[in-house]
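The values are calculated or read from the model by the stated rules, or taken from the named source; none is laboratory data. None of the values given here were measured: they were computed from a predicted structure. Note that we place each Cβ from the backbone using ideal geometry, even for glycine, and neighbour counts take in every protein chain shown.
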Amino acid sequence: MPGTQRPSRLARYSFFAYAALVAYASLFPFSGWRDPGVGAFAYLAAPLPRYVTAFDLVVNFLAYFPLGFLAALAAYPRLRGWRGAAAGALVAFLASAGLEALQSYLPARIPSNLDLATNAFGGIAGALAGALAAESRAREGTWRTLRERLFREGRATDLGLVLLILWLLAQLDPETLLFGVGDVRGHFAEPTTAHYPPSFFVRVEAAVTAANLAGAAILAGLLLAARAGVWRVVLGLVAAALAVRSAAFAALFSAQQMFAWATPGAGVGILAGLGVAAAGLALPRRAALALAALLLVGAAALVNWAPQNPYVEYSLAVWEKGHFLNFHGLTRFVSAFWPFAAVAWLALAAREREAG
């Protein structure tokens, strides 16, 4: 019955996470704030930009499509049908208008009424799709049935699923070692420039890859309601991460470099990480939580000590970020702080277990 439909915490958590990512990407690099001498919304009456590329229009549309989609899903069932679609479209429009206004105070950013229009169209299309998806869920119950059949109950599980999506997003950062999240040196200090023998780097890369893969795999396994399909989920997660990594290298560098991440250290690390994950997932839940936290903290410490990746150092030196500058800043941020958010989640999961 329609009256029995419950709001989706997963949709709401996903919406807030995505909205925060859009805000970060829109305001990056957050430096040089100044008074432009005109009103923040002066861009609305400004002439259309003289130089417009199809790439910019498509990216703006695609960036706000998920925002409208998730906003409509998050509003369901309080707002249904056209009301949910209208709410999602309005949220996307107001978010874009506000962020464009804030860009007026950043010298590296240029607010644009055309950007607002394409963002708004993306938000409208996403909101319509989200409202239709919500109603489809109401008729069939497939989404909620899948969620309840595969995963544990509780808000910790919904937050954990959002974390796994962010972990996949972090793999788009080309400057890290494979699965090497947690590098905060770019935010607080300069990375080390010391050079080491290749054999030393292979060992470091293998350790970083193994520890992060095992920590993320254990986290994913702990979200499941039963252990029966745990390896399908873990292997699917790893395969998705490697596919994202390959796509990032192909898009940001060249198609010939899409497998540049497949180094000897990465190969050893993947095999070792799967072995550690197997051992961790066989442990009692509380012990597995502790092991995952230990792995992620240790890997983050190692990442911040490790030298630069010599396999992609040259590619990065000649890489023209161009249109990808803001997206690159976003993936760097997610990659840097993901393990700390994951450790906080592990503590939350342990507390929920203890309370239960």
(Q) I need a count of the residues in the range 52-83 that are within 27 Å of the chain's Cα centre (by Cα), part of a loop (DSSP other than H, G, I, E, B) and over 30 Å from Leu10 (Cα atoms). (A) 1
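For the range 254-266, name all the residues that are in contact (Cβ under 8 Å) with a residue 24 or more places away in the chain, in a helix (DSSP H, G or I) and over 23 Å from the mean Cα position of the chain (by Cα).
Scanning the range 254-266 gives Pro264, Gly265.
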**Q.** Hey, Val52 in contact (Cβ under 8 Å) with a residue 12 or more places away in the chain, among the β-branched types (Val, Ile, Thr) and surrounded by fewer than 13 Cβ atoms within 10 Å (Cβ to Cβ) or not
**A.** no
Q) Within the range 203-229, restricting attention to residues that are touching a residue at least 60 places away in the same chain (Cβ under 8 Å) and not in a helix (DSSP H, G or I), which residue is nearest to the chain's Cα centre (by Cα)? A) Leu223
Q: Quick one: which residue in Ala95, Ala89, Ala120 is under 14 Å from Ala19 (Cβ atoms), out of contact with any His (no Cβ under 9 Å at 6 or more places or on another chain) and either outside the structural domain of Pro29 (by TED's automatic domain parsing) or in a helix (DSSP H, G or I) (or both)?
A: Ala95
Q. Here is a list of conditions, (1) in contact with a helix residue (DSSP H, G or I) (Cβ under 6 Å, 6 or more places away or on another chain); (2) within 27 Å of Thr331 (Cβ to Cβ), and Leu62 meets all of them except one; can you say which number that is?
A. (1)
**Q.** Selected residue (only one of Pro49, Pro29, Pro7 is in contact with a Ser or Thr (Cβ under 6 Å, 6 or more places away or on another chain), part of a loop (DSSP other than H, G, I, E, B) and of a type outside the set (Ser, Thr, Tyr))
**A.** Pro49
Q) If you check Pro66 against the conditions, is it outside the structural domain of Gly221 (by TED's automatic domain parsing) and modelled with pLDDT under 90? A) no
Q) Quick check, is Tyr43 at pLDDT below 95 and surrounded by 17 or more Cβ atoms within 10 Å (Cβ to Cβ)? A) yes
